[in-house]
Each structure stands twice: as structure tokens, then as C-alpha cells.
Amino acid sequence: MSEILSLAGENLISPIILSFALGLAAALARSDLTIPEAVAKGMSIYLLFSIGFKGGVAVSANGLDQTLILSLIAGLVLSFALPLIAFALLRIMTGLSHIDAAAVAAHYGSISIVTFVAGTSVLQGRLIDAEGYMVAVAAVMEAPAILSALWLVARSGGAAKMEPGLIRELLLNGSIVLLVGSFAIGAITGEEGLEDISAFIVAPFQGVLCLFLLDMGLIAGRGLRQSRGVLGLGAVGFAILMPLISASIGLVVGMLIGLSLGGIVLLMVLSASASYIAVPAAMRVALPEANPSVYLTLSLGVTFPFNLTLGIPLYLAVAQSLAGG
């Protein structure tokens, strides 16, 4: 327990967490601090390209192996299965309708790439290596949860809209295309390619991440302010309990398929995170009746800060105690 508290303390006073806290506090205090949308979009593109490229370089250096295939399969299965667990918990812990519960569940089967980046940053700070192909695992975990949510709605007699363009939108989602594309570029160009652009994607990374999390804090704070009275204690409790359950499942799966300590932690982080970009966009098309103030506030306003401040240190400490390292 003391190690977990120590890790959490170190994480809480890191620049990236304090940047998020600044944005959150500014929004709750109704400050006029804002990050221009175009700047926030540019930072998002930079972070996705950087993490994807470096993951591809790592695969180029280490080569492909059986664990990569197993990791991709595990990511797909987790993304399909976790919404089913989330939906059952929501029906027990909250009074949400079937449609709202299914929409929320989809968010908790998909992933938050920023939480993944933050987890990667924590590992790097503690000099813990992880498999570079975990970026590819993150990419395959983006969309399957949405299909699970649509199945849950159809099973309960609801009307999920499977628009002709929805599957295309899921497969060609900008974050997925950028992650996979930059991963491929890194794998093709290898260490030489990384050396050529290291001044751009390595040195500025932490600073850009701080500014991006400042913007995330502003968004989360505004969401919390606007959702007062909409969410009950059961829903908030779910948003904290579900990441712990998902991370535990990710831990077991990571150990079974033979990931390194860093890889196990990142699979736990991916499993525990909740989408607030790709899935909300899909829910607006597929489940327009679902309440955005519910699913966005839970994923971005509760689970995201929980994972950043306490979750990641907890997952790392548990993985270290059980997997060694």
C-alpha cells in the first residue's frame, strides 16, 4: 500500500497531472481560459503521430512474434467483452435506461488514447520498457465496443441506427488512421527514421502533452459543471469501479499471453480507460436518443481524472507486485 501511495504521490505532482488539474480548476471557477480548437486539434494530431511512430520503430527493432498476434486478439476480445460487463453493472448500480446504459458501456469497452499516452509517459519516467506494438493493440480496441453496444440495444428491443456510413466511419476514424499510419511509417523507416525527426517527436512530447491535458481539464470541468443533478452516486461509483474491474481483467490477460511488465501495465491502462472522442461521435449517429451529458461526463469527467491521478499508479504497483520488475 505504501508503494501505491508513493507512486500516486509522484504522479500527482508531475507536470502532466498538474496541467490537467489547472484546467479542471479553471473551468470549475468559471475562468475564461480557453485553448483554441484548432490548437487542441493540432496537439492531438501531434501526440497520436508521435506515439504511433515510436511504436512502429520499436517493432522494427524487435521484430514480430507470437505475443504480438495474441495481444491483438486479446485487444479485440476485451473491447467486445468489457461493454457487456459494464452494461450489467450499470443496470445494477444505476437507474439508466437500456439505451443510456448501452451508450455508456460502449465508452468503457473502447479506449482513451490520452490515458494510454499518460501511462506510457509514467513507464518512461520509471525506465520501464513496453512492447512497441501496444499502439496497434490500442488501435484495434477503438471500435469493437461500439458494435457490442448496438447488440445490447437490439437485444433489449431498442432501435439502434446502423447507418450505411457508420462502419466506414468506425474503420476510417481519424485517430485510428493516424495511429496505424504513423505506426506503419515508424516500422518501415526504423531507427534511422526516428533519428531524422527525433527533435520533433521526442523532445517536445512532454510539453505538448501538458498543454493537451490542460485543455482536457478545461473540457472535463465544464462537463462536470453542466451535469450537476443529472448523475447519481451510483453512476459516479460505476465510473470508478469499472476501471478497476477492467484493469484486473487486463492484468490477467497480459500475464497469460506473456507480455512484459510494461506491456501488462499498458494493457491494464487500455482496458481501464474510457473513450471520449471516437465513441461519442459514433453514439451521436447510432444511438441519438442516448444522453451525451451522461456518457461524456462519466468517461471524461470521472474516469479520465481517476485514471490519471490514482489509476495508473495503482495499475503499475499491482502489476509490479504480481508480474515482477
Considering only residues of the range 13-55 that are of a type in the set (Val, Ile, Thr) and outside any helix (DSSP H, G or I), which is least open to solvent (accessible area, probe 1.4 Å)? 35
Restricting the range 296-325 to residues that are under 29 Å from residue 283 (Cβ atoms) and β-branched (Val, Ile, Thr), the residue that is surrounded by the fewest Cβ atoms within 10 Å (Cβ to Cβ): 309
I'd like the full set of residues that are open to solvent by less than 10 Å² (accessible area, probe 1.4 Å), modelled with pLDDT of 90 or more and part of a helix (DSSP H, G or I), limited to the range 260-291. 262, 263, 264, 265, 266, 267, 268, 269, 270, 271, 272
Search result, residues across the range 108-122 that are of a type outside the set (Val, Ile, Thr), open to solvent by less than 10 Å² (accessible area, probe 1.4 Å) and assigned to a helix (DSSP H, G or I): 116, 118, 119
Being surrounded by 17 or more Cβ atoms within 10 Å (Cβ to Cβ) and touching a Pro at 6+ places or on another chain (Cβ under 7 Å), is that true of even one residue in the range 215-234? yes
Apart from one, (1) touching a helix residue (DSSP H, G or I) at 6+ places or on another chain (Cβ under 8 Å); (2) over 25 Å from residue 144 (Cα atoms); (3) not basic (Lys, Arg) all hold for residue 96; the odd one out is (2)
Flagged in the range 222-240 as over 16 Å from the mean Cα position of the chain (by Cα) and in a helix (DSSP H, G or I), in numbering order, are 222, 223, 224, 225, 226, 233, 234, 235, 236, 237, 238
For the range 173-196, how many residues meet the condition of being surrounded by 13 or more Cβ atoms within 10 Å (Cβ to Cβ) and free of Cβ contacts under 8 Å to residues at least 12 places away in the same chain? 2
Has the range 238-256 got any residue that is farther than 19 Å from residue 308 by Cβ and open to solvent by less than 10 Å² (accessible area, probe 1.4 Å)? yes
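The values are calculated or read from the model by the stated rules, or taken from the named source; none is laboratory data. Just so we're clear, the structure is a prediction, and the values are computed from it rather than from any experiment. Using ideal geometry, Cβ is built from the backbone for each residue, glycine included, and neighbour counts are taken over all protein chains shown. For the accessible areas, the whole protein counts, side chains as well, though only heavy atoms, and no ligand, DNA or RNA atoms are used. Shrake-Rupley method; radii C 1.70, N 1.55, O 1.52, S 1.80 Å.
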